[in-house]
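None of the figures in this text is laboratory data; all of them are computed from the coordinates on show. A quick note: this is a predicted structure, and the numbers were derived from the prediction, not measured. With ideal geometry, Cβ positions are generated from the backbone for all residues, glycine too; neighbour counts draw on all protein chains shown.
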Amino acid sequence: MQENHVHHRGGSIRWATAKHALRCLIGCNIGEAAGAAIGFLLGWDMFSTIALAIGLAFAVGYAFTMIPMLRTMPLWQAAKVTIAGDTASIAAMETVEISLALLIPGFMHAGLTDALFWLGLGIILPAGYAVAYPAMYWAMKREQRMLMQAHHH
């Protein structure tokens, strides 16, 4: 069986990984944006706001992965699979996105109407996806191997 032809619910594992990583990116960035907005509205300092944004990125990212799983498995199993599968991907994505946000001069203070904000997102979001994808692929391959081993025993 060739690696890029391994079937995962009717498609290749690379396609499944791309979809899961994109869902994770969307969920994480919704959580991150909400955390940044809340911190800004409450007048928090940058580090407290970043901490809230990262916490909400993980929470919403996990929710975006877990909720569809609840159709096929109980909550405890969906939570276990989500945490095992998404933690490395979310951590990689958040590390790159926050690092880039801090490195782009003026980005952290740019408003929604500033071109710098949108240019920065155009850099940060693809970079986050680029590091989330391999982490997600590794987790999905690991899960696939575990399932195959369980079926062989």
*Least to most buried among Asp45, Asp86, Asp114 (fewest other Cβ within 10 Å first)*: Asp45, Asp114, Asp86
*With the radius of gyration and the Kirkwood radius both derived from the Cα set of the range 9-152, what is their ratio Rg to Rh?*
1.03
*Taking Cα atoms, how many degrees apart are the long axis of helix 115-152 and the longest axis of the chain, rounded to 10 and kept between 0 and 90?*
20 degrees
*Quote the relative contact order of the chain in percent (integer), defining contacts as alpha-carbon pairs under 8 Å separated by 6+ residues.*
25 percent
*asked:* Can you give me the angle between helix 13-41 and the longest principal axis of the chain, using Cα atoms only, in degrees from 0 to 90, rounded to the nearest 10?
replied: 30 degrees
*asked:* If I model a spin label as a point 7 Å beyond the Cα along the Cα-Cβ vector, how far apart are those points for Leu102 and Trp76 in nm?
replied: 3.9 nm
*Report the local net charge at Ala101: Lys and Arg +1, Asp and Glu -1, summed over other residues whose C-beta lies under 12 Å from its C-beta.*
-3
*Label-point gap, in nm, between Trp138 and Trp44 - each point 7 angstrom along Cα→Cβ*: 2.9 nm
*Could you compute the FRET efficiency for Leu119 and Gln149, with r as their C-beta to C-beta distance and R0 at 35 Å, rounded to 0.05?*
0.15
*Mind listing the phi-derived Karplus ³J(HN,Hα) values for the range 75-82, rounded to whole Hz, using 6.51, -1.76 and 1.60 with θ = phi - 60°, and x for any glycine or proline?*
3, 4, 6, 4, 5, 4, 5, 5
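So for Met93, Met69, fewest C-beta neighbours within 10 Å to most, what's the order? Let's see the in-between values first.
Values: Met93 30, Met69 16.
Result, fewest neighbours first: Met69, Met93.
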*Which longest run of the chain has no exposed loop site in it, a site being trypsin sites (Lys or Arg not before Pro) in a DSSP loop with at most 10 other beta carbons within 10 Å, and the site itself not part of the run?*
72-153
